[in-house]
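To start, the structure itself, in structure tokens.
The values are calculated or read from the model by the stated rules, or taken from the named source; none is laboratory data. As the structure is a computational prediction, the values presented were derived from the model and not from experiment. When we count neighbours, we look across all protein chains shown, and the Cβ atoms used for this are built from the backbone with ideal geometry, even at glycine. Areas reflect the complete protein model, heavy atoms only, side chains present, ligands, DNA and RNA absent. Shrake-Rupley method; radii C 1.70, N 1.55, O 1.52, S 1.80 Å.
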Amino acid sequence: MMTRKHYEEIVTILAQHKVSEALLFDLAKMFENDNSRFESGRFMARYIAIKNALQSNDYVINQYGEIVEK
């Protein structure tokens, strides 16, 4: 079973690569099946937050997967 740490790393990678919504939803469904405590809404919100931060060109993802100012 994957943990929150795994999901956070995955969502960061997905946001960096600007994946399709269909892939994002399919993965969220798979994660729900893997872990009953997985929260799809939180996963989607994190994806949007990271994607928006990266699009603003004021932020980057550091080596720890955190959004930081340039």
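Things worth noting here:
- Number of the condition not met by Met1 [criteria: (1) among the hydrophobic types (A, V, I, L, M, F, W, C); (2) loosely packed, with under 11 Cβ neighbours inside 10 Å; (3) modelled with pLDDT of 95 or more]: (3)
- Failed item in (1) touching a residue at least 40 places away in the same chain (Cβ under 8 Å); (2) open to solvent by 80 Å² or more (accessible area, probe 1.4 Å), with Ile61 passing the rest: (2)
- Looking only at residues in the stretch 4-36 that are open to solvent by 70 Å² or more (accessible area, probe 1.4 Å) and in a loop (DSSP other than H, G, I, E, B), the one that is farthest from Ser56 (Cα to Cα) is Ser36.
Rundown of residues vs (1) modelled with pLDDT under 95; (2) out of contact with any strand residue (DSSP E or B) (no Cβ under 8 Å at 6 or more places or on another chain), yes/no style:
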residue	(1), (2)
Glu8	yes, yes
Leu23	no, yes
Phe31	no, yes
Ser40	no, yes
Val60	yes, no
Gln63	yes, yes
